[in-house]
Amino acid sequence: MHLILASTRVDLARGQFATTSLYHFLFVPLTLGLGPIVAIFQTLWHRSGNEAWLRLTRFFGTLFLINFAIGVATGLVQEFQFGMNWSVYSRFVGNVFGAPLAVEGLAAFFLESTFLGLWIFGWDRLSPRLHLATLWIAVAGTWMSAYFILVANSWMQDPVGYKIVNGQAQLTSVWKLISSDWALYAFVHTVLAGLTAGAAVVFGVCCWHFVRKRNIDVFRPAAKVALIVLVPVSLANLWFGSHFGILVERLQPMKIAASEAQWSTCSHCAFSVFQIGGFTESDQTPTYSLDIPGLLSYLATGSFSGTVQGLNNLNDKYAAQHGPGNYKPPVRAIYWSMRVMAGVGTLIALIAIVSAYLLWRRRLERLRWFLWIAVANSFLPFVATSAGWVLTEVGRQPWIVQGLLRTSDANSPNVTTTWLGISLAVFIALYVALLVVDIWLMRRYAGVDPAPPDEQAPAPQPVPSF
Amino acid sequence: MSLAELWFILIAVLWAGYFVLEGFDFGVGMLLPFLPKDEVERAAMFESIGPVWDGNEVWLVVAGGATFAAFPDWYASMFSGFYIALLLVLVCLIIRVVSFEWRGKSSSPRWRSVWLGANAVGSFGAALVWGVGLSALLYGTPLASNGDFTGTFWDLFNGYTLFAGLTVVVFFAFHGAVFLTLRTTGDLRDRALNTARVLALPAAALAAAYAVLTVIVAVDRNDKSVFPPVLPAILAIAAALLAVAFVFRGRTGQAFVATALGAALLVATLFTSLYPRVMVSSPNFGNSLTVSNASSAHYTLAVMTVVALLVLPVVLLYQAWTYHVFRHRVTGDAAHYL
């Protein structure tokens, strides 16, 4: 009974972490990506004096701010819940993991919050040049923020620059911490994903106006800028993401094995586009799989003949190191999250390339069916990033810090099941309510006509119905 | 002075900064349902804190992060122990954060009153819980020998912590009213000044009593002598009394300096009373977490010290500049482009 309750508590704490992180990361990529695009619009206005760019700056700036608010609010939950739900973890890692979180606040979050305030309210108070600078500084703040948070997360995946003293991890090299391969890869991958999300949303909103044959002249240049960002960035992230796989194979081979449902060690390993069965201990051979020969070896090692370690062999190796037990993450979830991430990422890149071709041939605005695809495309990056985080975090299980601390040993022993349940319910209710309002606001403000520069932003009528 | 002691002081400074800055924007938030007569005045009140509230809230984020990094045991025990209190704070802050960006996004009166209410409730709730929660660190809660909180939600509440919650709420409202006298014009400013005059004596009386009580609790429950905690306590009382005097003479600029100092000195009184402990254990005083037994190792603290010394002065500079940029009085009919 005691054990069952303990595992319920861990599950509830994990549920809360997963809910908050996935929810938070709907808004983070949008902030990372929409911020610089709005800043590009404002820069173009500043350089050219063409007021169309000013209209776009304000139009997309409003969409940016509607989402930024939820990102800030859920970021607070992220910071608090380590201590609230994971006190054993917090004591164990505070020396190392706490430092980038504190530095994030000091060096990045202060910057983005203060300068965003200056940007929102500074239109008539600052010179145009200085006002533009405040936005770029705020954007730099959001990117730095992402870097420090990813430094912290990377240490959970690949602990470096530490020693264990009296059961606590202590930092021995801050340089190793902030320059770990994992942190740098994760940062580039995340920023590219953020830019993809921002550009896809801007492009989707433009196409939504094209579908309704509204404001075409205003949004055509915005669509062009969005695609100039989206095409290279979405392609680069496919390339970069696949290289990330080689690093993961080196540092967390179990995650790669699980993401391919590769039970036994292989060389010249095939990559399965999809497979039926083969996801469990008792059913290790799929009944059907669509294979691409050699590709898994290439993705995981950089060579078509490379050796990829299998789940069973890795489990034996970990059991020898850490004692008998199951060291495999849930294979099915990891296998599919990897395919959703990579598949959706590829789809976004394809849609971007076709869009760019159509725009170049001046056919985009008339092709209604394709415009709807582009509108739908603005939701896809969020599917890919969510799947990516499931792959990263669930794929690390059973560890909370790879090789050092198990998730099942890391939660707060003194927080009761009841309160874990209540707080999870409270957060879910709050998140759903905020998401409903956010989507309603986004739909409304994405659909309005961009105001001419001398007018105030429209507070759209009619009155909401609740 | 050890680095752990330096970080204890820095965390106290971060909380003091948070109380001074977010204190007035919580105060403005709490006054939202009472002070403005029409939509223009409501807009003016939102605009008075609009550019700065987010930067103010980061003081809390940094205080939390610094506690995690410099005192992992303190962070772990406090955040898991004060679970329900922090859940309440988070709910309050979440609804408040979105209210700033969302309220103006529709002109429906119902929509606007919902978000105004969210801001007011969030400001009140967060101020109350911080008052109770921080004072509970000193009053003491049951801790196990490994620092784990072993009590319940109700162990946070006693006469002293409830009094602290009330003090923080009323003092922030006073601080916010004084702030509004500096940032608004016309009728709204007159009403803000009247409100400040109504709140002045209760706020100063509560603050003075809280300062005295804190020193008594420190002596009684935290094994402290009267000195040094009495020093910031006397200064806090002096600042509160000066604020009253300035408000009644209509010298609102000086009154704001006095309320800001008062807020900072109340935090200083609490942290001076707490030192060298960071969380008092009661019963089993010996299980208390202290600056030395809860802190990170030297290397982490050294790295963080370098970062803080390099970055914090720059932060202070650009936040001060922000207040300079938005020093003008607001009328509520300014153009909003976003």
_Unit charges at the beta carbon, dipole of chain B: most positive-side option, B:8, B:211, B:176_ = B:176
*Using the 10 angstrom Cβ neighbour count as an exposure proxy, how do A:266, A:206, B:92 rank, fewest first?*
A:266, B:92, A:206
*Taking H as built 1.01 Å from N, whose amide H comes closer than 5 Å to the amide H of residue A:265, not counting residues under 5 places away?*
A:310, A:313
*What is the Rg over Rh value, at two decimals, for segment A:189-329, using alpha-carbon atoms and the Kirkwood definition of Rh?*
1.18
*asked:* About the Cα centre, and with charges only on the beta carbon of Lys, Arg (+1) and Asp, Glu (-1), how big is the dipole of the protein assembly as shown? Nearest 20 debye, please.
replied: 1520
*Can you give the charge dipole size of segment B:123-227 about its Cα centre, rounded to the nearest 20 debye, using +1 on the beta carbon of Lys and Arg and -1 on the beta carbon of Asp and Glu?*
380
_Point-to-point label distance, residue A:417-residue A:163, nm (Cα→Cβ direction, 7 Å offset)_ = 4.3
*Semi-axes, largest first, in whole Å: what does sqrt of 5 times each Cα gyration tensor eigenvalue give for segment B:211-333?*
34, 25, 10
_Calculated FRET efficiency for the pair residue B:329/residue B:194, C-beta based, R₀ 25 Å, to 0.05_ = 0.90
*Unit charges on C-beta of K, R, D, E only; dipole of segment B:23-296, Debye*: 580
*What value does the protein assembly as shown have for Rg/Rh, both radii from Cα atoms and Rh as Kirkwood defines it?*
0.98
*Work out from phi, with θ = phi - 60° and the Karplus expression 6.51 cos²θ - 1.76 cosθ + 1.60, the ³J(HN,Hα) of each residue of segment B:272-282, listed in order in whole Hz, and give x for Gly and Pro.*
5, 5, 6, 4, x, 8, 10, 9, 7, 9, 8
*asked:* What distance in nm separates the two pseudo spin-label positions at residue B:310 and residue A:292, each 7 Å out from Cα along the beta-carbon direction?
replied: 4.3
*Using modelled backbone amide H atoms (1.01 Å from N, in-plane), which distant-in-sequence or interchain residues come within less than 5 Å of residue B:289's amide H?*
B:278, B:279, B:281
*Please name which of A:161, A:223, A:257 has its Cα lying farthest along the dipole of segment A:160-298 towards the positive end, using unit charges on Cβ (Lys, Arg +1; Asp, Glu -1) and the Cα centre as origin.*
A:223
*chain B, relative contact order [Cα under 8 Å, separation at least 6], %*: 26
_Listed residue (A:277, A:210, A:67) projecting farthest to the positive dipole end of chain A, Cβ model_ = A:210
*For chain A, what are the DSSP H helices with axial Cα length of 30 Å or more and mean Kyte-Doolittle hydropathy of at least -0.5?*
A:2-48, A:51-85, A:128-157, A:181-211, A:216-251, A:331-360, A:417-447
*5 angstrom amide H check on residue B:143, placed H, neighbours 5+ away*: B:150, B:282
*What list of ³J(HN,Hα) couplings, whole Hz, do you get for segment B:216-231 from phi and the Karplus terms 6.51, -1.76, 1.60, once you set θ to phi - 60° and write x for glycine and proline?*
4, 4, 4, 5, 6, 10, 10, 6, 9, 7, 4, 9, x, x, 5, 5
*Using θ = phi - 60° and the Karplus curve 6.51 cos²θ - 1.76 cosθ + 1.60, what whole-Hz ³J(HN,Hα) does each residue of segment B:73-83 get, with Gly and Pro shown as x?*
5, 5, 4, 5, 5, 5, 6, 6, x, 8, 4
*Roughly how many Å is it from the Cα centre of segment A:378-421 to that of segment A:32-64, as a whole number?*
37
*Expressed in whole Å with the largest first, what are the equivalent ellipsoid semi-axes of segment A:368-444 derived from the C-alpha gyration tensor as the square root of 5 times each eigenvalue?*
35, 22, 6
*Taking the protein assembly as shown as a whole, which cysteines find no other cysteine Cβ under 4.7 angstrom from their Cβ?*
A:206, A:207, B:92
_Inverse mean reciprocal Cα-Cα distance (Kirkwood Rh) of chain A, Å_ = 23.8
*Mind telling me which of B:244, B:226, B:212 comes out most flexible in a GNM of chain B, alpha-carbon contacts under 10 Å?*
B:226
_Quarter of the Cα convex hull surface for segment A:92-223, i.e. its orientation-mean projected area (nm²)_ = 10.6
_Cβ-Cβ FRET estimate between residue A:304 and residue A:282, R0 fixed at 30 Å, reported to 0.05_ = 0.45
*Can you give me the relative contact order of segment B:158-310 as a percent, contacts being Cα pairs under 8 Å and 6 or more apart?*
20
*Partner aspartates and glutamates for residue A:163 [C-alpha distance under 16 Å; skip if fewer than 8 residues away on the same chain]*: none
*Mind giving me the nanometre distance, one decimal, between the label points for residue A:404 and residue A:362, set 7 Å out from Cα along Cα→Cβ?*
6.1
*asked:* Counting only other residues whose beta carbon sits under 13 Å from that of residue A:104, what net charge do I get with K and R as +1, D and E as -1?
replied: -2
*What percent does the relative contact order of chain A come to when contacts are Cα pairs within less than 8 Å and at least six residues apart?*
21
_Need one word for segment B:23-296: rounded, prolate or oblate. Basis is the Cα gyration tensor (sqrt eigenvalues a ≥ b ≥ c); a/c below 1.5 gives rounded, then a/b vs b/c decides._
oblate
_If the elastic network links every pair of Cα atoms under 10 Å, which of B:44, B:200, B:243 fluctuates the most in the Gaussian network model of chain B?_
B:44
*asked:* Please list, by residue number, everything in segment A:303-345 whose backbone N is under 12 Å from a paramagnetic label point 7 Å out along Cα→Cβ of residue A:264.
replied: A:310-313
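Each reported figure results from applying straightforward, stated rules to the coordinates on display, with no laboratory input. Here the structure is a predicted model, which means the values were calculated and not measured. Cβ atoms come from the backbone with ideal geometry, glycine included; neighbour counts cover every protein chain shown.
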